[in-house]
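Here is the structure we will look at, set down as C-alpha cells.
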Amino acid sequence: MLQIGDIRIHLINDCRIKVDPGGAFGLVPRALWSTHMPPDENLLVPMNQHCLLVQVAGKNIVVDVGYGDKLPEKQKALLQLERPTGSLLDALARLGLAPGDIHLVINTHLHADHASGNTRYGDGGVIEATFPNAEYVVQRREYEDAMQPNERTRATYFPINYQPLVESGQMRLLDGDCELAPGVFGVVTPGHTPGHMSVRFESNGQHAAFVCDLASYAIHFERLGWMTAYDVEPLVTLETKRRWQKWAADTNAILIFPHDPLRPVGRYGYMEHNYYGVFPIGVPFV
C-alpha cells in the first residue's frame, strides 16, 4: 500500500497477458527494448493489468478495472491470460470489500484491457454493472471516440463495456481535468488516445500519479521517443510525457505504471551522466 498524505492507494494486478513486442515497443529496435523487457521463448513480452483501490474521505475508489470475466476462453488463450493471485474482485475481497462497497470507478480510457471489467453478465445473460452502487467516470472525448471506432481502434473498443452504463446514467462523462475526490484528480494526458486520462494524487504536500498508458512501462516514461504502437497520436504522447517528466521531477512524485511487471512503481529523477530515469520502489500488491 502507498500512503500519499490522507490518501491510501492499494495496488492490484487483475491479470497478466503476453503480447507481441511490436505492439508494446513500436519502432524501437529489439536490440534496445529486449535489455529492459526480455521476451519469452515465443518472443512475446508480459503485460500486467494494474488497477488501484484508492481510499480517501470514507470513499472506496477503483481506478481501471482490467479484463473482468466476460472474455471467452478462446480469447483468454490467445492472450495467454493468467491470474495466479486472482482477479480485481478477488483482490478487493481480500481487502474485505464487495463490489457493492465501491463508490466511484475511474476509467482512464475505454480500451478493453482497462474497461472490460466495468460490466459483467448477470442472471439470464443480461449485462449489468460490476459495481452496482458506484458512479463511473470517463472523459467525454474518450467515450465519443469509443462509440465511433475506426479500422484501427475497433479491435479494442466494445460498447458492451460502457454503453449500458451511459444509457442507465451510471457513467458520467467528464469535460477535461477535474477533482474527483479530495486530492484525487483526473487529468487529460493525450496521445495514447485523444481522451486518455491519468489520475494525479496530491495530499499534505505529497504527490503521486497513475500515469496509465501515457507510459505503459517505466522505460516508456524515461525515454520520450519510446512509445507503444497502440498510441493513436504518438507525437502527442511524446510532448505529453515531456511535460509530465518535469512535473514528476519537480514534485518527487511516486509514479504507478499500468503494465510493467518489473518496475510497476517508481520515482523519476537524476541518475548519472546527465541521465534521468525511474528509480523502482518496492510496493506490495494486494
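Every number in this text was worked out from the coordinates using simple rules, so none of it is lab data. If you're wondering where the values come from, they're calculated on a predicted model, not measured in any experiment. Cβ atoms come from the backbone with ideal geometry, glycine included; neighbour counts cover every protein chain shown.
Subtracting the Cα-Cα distance from 0.36 nm times the residue separation, let me have the gained length for Q3 to E272 in nm, one decimal.
Working: separation 269, 0.36 × 269 = 96.84 nm, distance 2.85 nm.
Stretched fully, the Q3-E272 segment lengthens by 94.0 nm.
Set Lys and Arg Cβ to +1 and Asp and Glu Cβ to -1, take the dipole of region 2-280 about its Cα centre, and tell me which of L110, G66, L224 lies farthest positive.
Value computed over the given set: L224.
Please give the FRET efficiency for L224 paired with V126, using the beta carbon to beta carbon distance and R0 = 45 Å, rounded to the nearest 0.05.
Step by step, r from the Cβ atoms, then E = 0.45.
With +1 on the Cβ of every Lys and Arg and -1 on the Cβ of every Asp and Glu, and nothing else charged, how large is the dipole of region 130-286 about its Cα centre, in debye rounded to the nearest 20?
300 debye
Do the sum for the chain: with -39,500 (n - 2.57) for every DSSP H run of n ≥ 4, divided by all residues, what is the mean residue ellipticity at 222 nm, to the nearest 500 deg cm²/dmol?
Rounded to the nearest 500, it is -5500 deg cm²/dmol.
With +1 on each Lys and Arg Cβ and -1 on each Asp and Glu Cβ, and nothing else charged, work out how big the dipole of the chain is about its Cα centre, in Debye to the nearest 20. Please report the intermediate quantities before stating the final value.
Details: 24 positive and 32 negative charges, 83 e Å.
That gives a dipole near 400 debye.
Can you give me the Cα centroid spacing of region 238-258 and region 164-209 in angstrom?
16 Å
Nothing charged except the Cβ atoms of Lys and Arg (+1) and of Asp and Glu (-1): what's the magnitude of the dipole of region 220-286 about its Cα centre? Round to the nearest 20 debye. Don't jump to the answer; show the numbers that get you there.
Values: 7 positive and 7 negative charges, 24 e Å.
That gives region 220-286 a dipole magnitude of about 120 debye.
Region 91-120 to region 1-66: how many Å between their Cα centroids?
15 Å
Ranking request for peptides 170-181, 229-240, 10-21: highest mean number of other beta-carbon atoms within 10 Å first, then the rest in descending order.
Ranked from most to least packed, the peptides come out as 10-21, 229-240, 170-181.
Pop out the ³J(HN,Hα) list for region 171-177 in order, Karplus 6.51 cos²θ - 1.76 cosθ + 1.60 with θ = phi - 60°, rounded to Hz; leave Gly and Pro as x.
9, 9, 9, 9, 10, x, 5
Mind listing the long-range amide H neighbours of H207? Cut-off is under 5 Å, sequence gap 5 or more, other chains count too, H placed in the peptide plane at 1.01 Å from N.
I254
Using the Karplus equation 6.51 cos²θ - 1.76 cosθ + 1.60 (θ = phi - 60°), what ³J(HN,Hα) coupling, rounded to whole Hz, does each residue of region 8-22 give in order, writing x for Gly and Pro?
9, 10, 9, 8, 9, 10, 5, 5, 10, 10, 10, 10, 5, x, x
Calculate how many DSSP beta bridges within the chain are antiparallel, expressed in % of all such bridges and rounded to the nearest 5.
About 75 percent, rounded to the nearest 5.
Using mean Cβ contacts within 10 Å as the protection proxy, how do 156-168, 268-280, 92-104 order, highest first?
For the peptides 156-168, 268-280, 92-104, the packing ranking is 156-168, 92-104, 268-280.
Determine ³J(HN,Hα), in whole Hz, for all residues of region 270-286 in sequence, where each value follows from phi through the Karplus function 6.51 cos²θ - 1.76 cosθ + 1.60 and θ = phi - 60°; x replaces Gly and Pro.
Going residue by residue, I get 6, 10, 5, 6, 6, 10, 9, x, 9, 7, x, 10, x, 10, x, 8, 5 Hz, with x marking Gly and Pro.
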